[in-house]
Amino acid sequence: MTIQTSKSQDDQKKSWYFNHPPLDVSMAFPQATPASIFPPCTSDYYQFSDLLSLEEQALRLKVRECVERDVAPIMTKYWEKAEFPFEVVPKLGALNIAGGTIKGYGCPGLSVTANALATAEIARVDASCSTFILVHSSLAMLTISLCGSEVQKQKYLPSLAKLDTIACWGLTEPDYGSDASGLRTTATKVEGGWVIEGQKRWIGNSTFADVLVIFAKNKDTNQINGFIVKKNASGLQATKIENKIGLRMVQNGDILLQNVFVPDEDRLPGVNSFQDTSKVLAVSRVMVAWQPIGITMGVYDMCHRYLQERKQFGAPLAAFQINQQKLVQMLANVQAMFLMGWRLCKLYESGKMTPGQASLGKSWITLRARETVALGRELLGGNGIISDFLVAKAFNDLEPIYTYEGTYDINTLVTGREITGIASFKPVAKTTQTSRL
């Protein structure tokens, strides 16, 4: 009996010692300010704001104020839980940026440059929220705008523009990522509509989307068609992909379409081949290129503040030569990335942008972003591996962006094909001829 009492006392002592909630980061590490109180923007060293119209500057500041105020304080909690912060959707909707460049139907009709700036400003604070808007707006809504009928535009776009309803965009499949044109999901014509059978993977927003833009191969023509599928369709199932290390707040899903009926009025008349997706991807690839620009702006801002707050050996980290060198290298990368992104927007707006230029922008900018964020991770030392100080979160969030909308390698091949005239996507077929050597 005494031994049991002794054990009980030991357990109580251990419980008292171990079972405390974690300290708030501001108490555990008071020497530097966490990202929940977001640092001021200090990355516009070459004063690129002078290149922007007054309207673009105003929109940039409006979006910046919103995400710093409403997203920054909660993003780490949701990122760690891999949950989506539905509470910020009305606040993002109030910005009137959903729909981007689309004119009419309640959409803002922004310039491509303004749309890109909004994308970057959200990504500067949180890349997951930026991806949520990008999938909804620059993929799903833009497809309906460019490829939908007038009736479809009037039916779907106004509520999507307000974020009263949410959309996703389903192209990628388990067996077809970079080779998306080979997709296997099928559409069979039946009386009054179509029957969709197949599977999609990595589809952002899919677990809670009201409207799903789905691409499938027409079994009669063997060409890719587009369809609008509603969330309550019989035979439709979307499940969350777990265990991601990046963009953890984005709800990527596996979509199963089993004998899903889509009425004729929800077939997108402007999608009759894979080439019809290219006009959508041309815009979205530019927007994706601006996500790493925004991410690196935020990481630079965070490091700039951290190095002045954090002290070692009796001096702020900003006083050490090697830290200044790394910070300057980060700043130079941000300037170059911004300028390339800005030029891409102007090429698109003037009708001169080519697929190769968009691909070079996306591939090169994401490559420089990885380098920049890696430098930031070094500068923050131990705090560079926890999400409270942004850099670790940004480090992980960049990895899926490096891959989606065309991997780095695929995008370089798109540019390579354009400048050489030789396509190198598929390996040369093996021959049975024996070499005489």
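The values are calculated or read from the model by the stated rules, or taken from the named source; none is laboratory data. Because the structure is a prediction, the values reported are computed rather than measured. Neighbour counts run over all protein chains shown; Cβ positions are idealised from the backbone, glycine included. Surface areas here come from the heavy atoms of the whole protein model, side chains and all, with no ligands, DNA or RNA. Shrake-Rupley method; radii C 1.70, N 1.55, O 1.52, S 1.80 Å.
Residues whose amide H falls under 5 Å from that of G170, counting only those 5 or more places apart or on a different chain, are V213, I214, F215, with hydrogens built in the peptide plane. Short-range pairs are left out: with C-alpha atoms under 8 Å and at least six residues apart, the relative contact order of the chain is 16 percent. Using a probe of 1.4 Å, the accessible surface attributed to L236 totals some 40 Å² when neighbouring protein chains are kept in position. In the distance distribution for the range 204-319, Cα-Cα pairs more than 17 Å apart total 71 percent. Site pair K103 and K77 shows an inter-label distance of 4.3 nm when each label is modelled 7 Å from Cα along Cα→Cβ. Across the range 151-240, Cα-Cα pairs farther apart than 23 Å form 25% of the total. So which of K103/K219; K91/K279; K103/K279 end up more than 26 Å apart, counting from Cα to Cα? K103/K219; K91/K279, as the Cα separations exceed 26 Å there. When the Gaussian network model of the chain links Cα atoms closer than 10 Å, the mean-square fluctuations of F215, F132, F313 top out at F313. With the cut-off at 31 Å, tell me which of the pairs K62/K230; K62/K217; K62/K362; K162/K426 have Cα atoms farther apart than that. Over 31 Å Cα-Cα: K62/K230; K62/K217; K162/K426.
Carbon-plus-sulfur accessible fraction, the chain (probe radius 1.4 Å, protein heavy atoms only): 54%.
The convex hull around the C-alpha trace of the chain, projected and averaged over every direction, spans 31.9 square nanometres. Taking a ≥ b ≥ c as the square roots of the eigenvalues of the alpha-carbon gyration tensor, the range 135-195 is classed oblate because a/c is 1.5 or more while a/b is no larger than b/c. When the Cα gyration tensor is reduced to axis lengths a ≥ b ≥ c, the ratio a/c is 1.5 or higher for the range 293-437, and with a/b above b/c it is classed as prolate. Taking every protein chain into account, the 1.4 Å probe leaves R184 with about 150 Å² of accessible area, to the nearest ten. Taking only the C-alpha atoms of the range 273-378, Rg followed by Dmax gives 17.3, 65 Å. Evaluated with a Cβ-only charge set (Lys, Arg +1; Asp, Glu -1), the chain carries a dipole of roughly 660 debye about its Cα centre, given to the nearest 20.
Each of T354, G341, V288 was placed along the dipole of the range 285-437 (beta-carbon charges, centred on the mean Cα), and the one lying farthest toward the positive end is T354.
Once the 1.4 Å probe is applied to the protein heavy atoms, the chain comes out at 47 Å² accessible per residue. Rounded to the nearest 20 debye, the dipole magnitude of the range 317-437 is 480 debye, with +1 charges on Lys and Arg beta carbons, -1 on Asp and Glu beta carbons, and the Cα centre as origin.
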